[in-house]
Amino acid sequence: MKYLIFADLHANKYGIKNILAFFKENGIDKMYCLGDIVGYNSYPNECVEFIKNNNIDSIKGNHECLVLDELSLSTCRSERSQNAIGVTKKILSEENRAFLKKMPDELQITQNSIGIHAGFNSVYETVNTIDKAKKNFDILRQRGKKIAFFGHTHRPGSYVYNLIKESVTTFPIGKTLIIKEDELYLINPGTCGEPRHGLPLSFIMYDDVAGEVSFQVFDLSDENVADLKANNKRVFGTTSLKRFPRQVHEKTRKLYYKIGKIKDNFSQSIVL
């Protein structure tokens, strides 16, 4: 069967169009969502209804848990994110809130593969290094599974554990990943709604018969991006006396790390 797997839609209704178009044009049998349907952007009801109306099996991400007060705001440091969570709580319909509350924490996708939102240890664990991947591979082996599809980091790509060499490597998104007998996999489809780090919007197609995983990258139109920004501004506002100090602190922190990265790159470029 062919599965379309996506994550981190984050209340961006324009990411939906690309998912549906690919689903209809490529003979996909089923869709799965790895959580974070809401958060950051201003179309939470539209995105939850898309999940419901298309019978997409989905799990709770940390943003669902935040909206449902199942997770402390202290686990999410971004001022923008915390503001969006507060507003989303107010505009999310009771019917959609009840739907989110019933979603599971994990999905069985095939006999050998499962879906989680972040790492195995928590719904907000960030798996973005080989060392962190190794810890999750240990749990994957204990669970007796071959593949875990996960989201949360918004970084598309795969970690591959070779059972013979007992080593972990990464696999780029530009190629088709071939599932091999002597390997285990942690596969992240990226985000369909909130790109970061200069990375694209993306999702994956998993063909369990052919044993292949392909990454599908897409862009939003300029019109869609403009509308999303305008609606975010209308729904969330821009700043306030309460928000301003934290916004300044956050921008200063980001600038500090950006300058540090530039300095590191410059130092590494000097030949002694």
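What follows is calculated from the coordinates using simple rules that are stated; it is not laboratory data. It should be emphasised that the depicted structure is a prediction, and the values quoted were computed from it without experimental measurement. Counting neighbours? That spans all protein chains shown, and the Cβs are built from the backbone with ideal geometry, glycine included.
Annotation for the stretch 74-159: trypsin sites (Lys or Arg not before Pro) lying in DSSP loop with at most 14 further Cβ atoms inside 10 Å of their Cβ are ARG77.
Basic side chains Lys and Arg get +1 at the Cβ, acidic Asp and Glu get -1 at the Cβ, and with that the dipole of the stretch 126-177 about its Cα centre reaches some 120 debye.
Of all the options LEU163, LEU92, LEU186, the one that moves most in a Gaussian network model of the chain with Cα springs shorter than 10 angstrom is LEU163. Counted over the chain, the DSSP beta bridges are approximately 70% antiparallel. Residue order for CYS33, CYS47, CYS65, fewest other beta carbons within 10 angstrom first, comes to CYS65, CYS47, CYS33. Of the cross-linked pairs LYS24/LYS229; LYS30/LYS102; LYS2/LYS60; LYS89/LYS132; LYS89/LYS146; LYS145/LYS165, those separated by over 30 Å at the C-alpha level are LYS89/LYS132; LYS89/LYS146.
Of all aspartates and glutamates in the structure, the ones whose alpha carbon falls short of 13 Å from that of LYS175, not counting any fewer than 8 places away in one chain, are GLU212.
With contacts taken as Cα pairs under 8 Å and at least 6 residues apart, the chain reaches a relative contact order of 20 percent.
Cβ crowding within 10 Å, taken as a proxy for footprinting-reagent exposure, orders THR238, THR153, THR129 from fewest neighbours to most as THR238, THR129, THR153. Among SER81, SER158, SER93, the ranking by other beta carbons within 10 Å of each residue's beta carbon, starting with the fewest, stands as SER93, SER81, SER158. In the chain, excluding the sites themselves, the longest stretch lacking any of the GluC sites (Glu not before Pro) that are in a DSSP loop with at most 11 other Cβ atoms within 10 Å is 1-165. Computed about the Cα centre, the dipole magnitude for the chain is approximately 1100 debye when only Lys and Arg (+1) and Asp and Glu (-1) carry charge, each at its Cβ. Averaging the sequence gap over all C-alpha pairs within less than 8 Å and six or more residues apart, then dividing by the number of residues, gives the stretch 64-171 a relative contact order of 19 percent.
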